[in-house]
Every structure is written in C-alpha cells, then in structure tokens.
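Report on the following structure.
The values are calculated or read from the model by the stated rules, or taken from the named source; none is laboratory data. Only a predicted model underlies this, so the values are computations on that prediction, with no experimental measurement involved. So basically every Cβ, Gly included, is an ideal-geometry build from the backbone, and we count neighbours across all protein chains shown.
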Amino acid sequence: MLKALIFDCDGVMFDSRETNRAYHDHLLAAFGLPRMDEEELEYVHIHNVWESVAYIFRNSAVPVEKVHEFRLRDDYRPFFRYMKMEPDLRPFLTMAHRYFKLAIATNRTNTMEMILEDFDLSGFFDKVMTAENSRHPKPSPEPLLEICETFGCQIDEALYIGDSAIDEECARACAMPFAAFRNSRLAARYYINSFMEISTLPPVAAVMATV
C-alpha cells in the first residue's frame, strides 16, 4: 500500500522557469556578462546551483568561487515574484496530508526553505531533501532513499512526481514508481497534468478509499 508522496519543486509545485531565468541572468549581470541563451536556461532549470553556475560561467574568466560568494550574500526573495504556484497545489496537499507522508526531493539548495515559508507550505511536508542536505543530489537516488528510510517505508510504497529527465533517472535508479508531471517524453508509470489528478491514480485512490 502506498505510504508516501514525494515531489520535485521546480516544474511541478511551481512554474519557476522565469524565476530561474531572472536569477541566473542577475548573477551574470553582476559580473558584467550577457544573459543566458535558451539552451543555458534549459540547463539551469533542472540542475543544482553549483552545476548551473559552473555551466553558465564556463566561458568566462570569473572564478566560480567568486560567484558563490556573491550569491550567498545576495537576497533571493525578490525573485519569488516570478514563481507561479500550481493553483491546485494547496488544496491537494491539504487533502493528501491526511492520508500520506509528504516529502520534497529537489535540486534547490538554501532557497527551498525560504520558498516553503513565504508560500506558507512548510506545515505540509514531513521531509525535505535538497542538493544542500543530500550528500549526493539528484540524479542520485540518495534523496529518495533517505526519505523512505525516514518514513520507514519500502521503495514501492512511495511515489515520486517529477517533470525532468533528472527526476526520471533518480526514480529509475532505485526502482521507485514515477509519475511524470506534464512531460509525456519521460518514461514513467503514470502521466499527470495537475495535482488533483494525482488522487485518481490507482495506488493513491486505493489508499484514499480505505483510510
């Protein structure tokens, strides 16, 4: 029986593409460099901040250490205005929290806690794994494995909801059932386009019908 639902953040809980564009362009501008192109945007949208900074500064003479020093002093909150929370996220979490343990597995770092606080979502999640508190971030399966260990559940008693090839690889590496969010190109057991649609998936509906 399903016991846990695990969510990616960017591209699932939030449409944050323009947030990532604005933030990483801001980092480049701080060092006098031009904006990202679309290929670079695709990269930073699914990778963690260390990989993203290394990638977008790869052709510059700016030491990445200087970029990280700058970003750690900088305030990320002004970029929240670009984030669009899925309209049915809160209603779904309110309902699902009664039946399942809920967790996040994201490649965000110190910004994840700020987002949960500012959007008043902290109380819904029993575990949050980021690229900062995981020794091996996604696509390693370690974040998913640690969540299952914390919850005391088996891999097949959890469902991971993600939108990228990194999420797909992460779930596949530990054989966790995977639901693709608005991305039919991924190899997944389930395909969904909204949060409320999750409640119609057979393993989710089965729990909600019996508890």
| Could you give every pair whose Cβ atoms fall below 8 Å, whose first residue belongs to segment 40-56 and is in contact (Cβ under 8 Å) with a residue 12 or more places away in the chain and in the same structural domain as Glu69 (by TED's automatic domain parsing), and whose second residue is outside any helix (DSSP H, G or I) and among the hydrophobic types (A, V, I, L, M, F, W, C), counting only separations of at least 6 or pairs across chains? | Val44/Met36; Asn48/Ala131; Val49/Ala131; Trp50/Ala131; Ile56/Met36
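Yes or no, residue by residue, for (1) on the phi > 0 side of the Ramachandran plot; (2) touching a residue at least 60 places away in the same chain (Cβ under 8 Å); (3) in contact with a Phe, Trp or Tyr (Cβ under 9 Å, 6 or more places away or on another chain):
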| position | (1), (2), (3) |
| --- | --- |
| Thr19 | no, yes, yes |
| Asp25 | no, no, no |
| Glu38 | no, no, no |
| His68 | no, no, yes |
| Leu72 | no, no, no |
| Asp75 | no, no, no |
| Phe80 | no, yes, yes |
| Met83 | no, yes, yes |
| Options Pro177, Pro202, Pro139: the member that is modelled with pLDDT of 95 or more and closer than 16 Å to Ile46 by Cβ | Pro139
| query | What helices (runs of 4 or more DSSP H), lying completely within segment 11-79, carry at least 3 residues that are in contact with a helix residue (DSSP H, G or I) (Cβ under 8 Å, 6 or more places away or on another chain) and surrounded by 16 or more Cβ atoms within 10 Å (Cβ to Cβ)? | reply | 17-30, 38-46, 49-56
| Can you tell me which residue in segment 155-174 is surrounded by the most Cβ atoms within 10 Å (Cβ to Cβ), limited to those that are over 25 Å from Glu42 (Cβ atoms) and either within 17 Å of the chain's Cα centre (by Cα) or in the same structural domain as His47 (by TED's automatic domain parsing) (or both)? | Ala158
| task | Among the residues of segment 119-141, count how many are touching a helix residue (DSSP H, G or I) at 6+ places or on another chain (Cβ under 6 Å) and loosely packed, with under 15 Cβ neighbours inside 10 Å. | result | 2
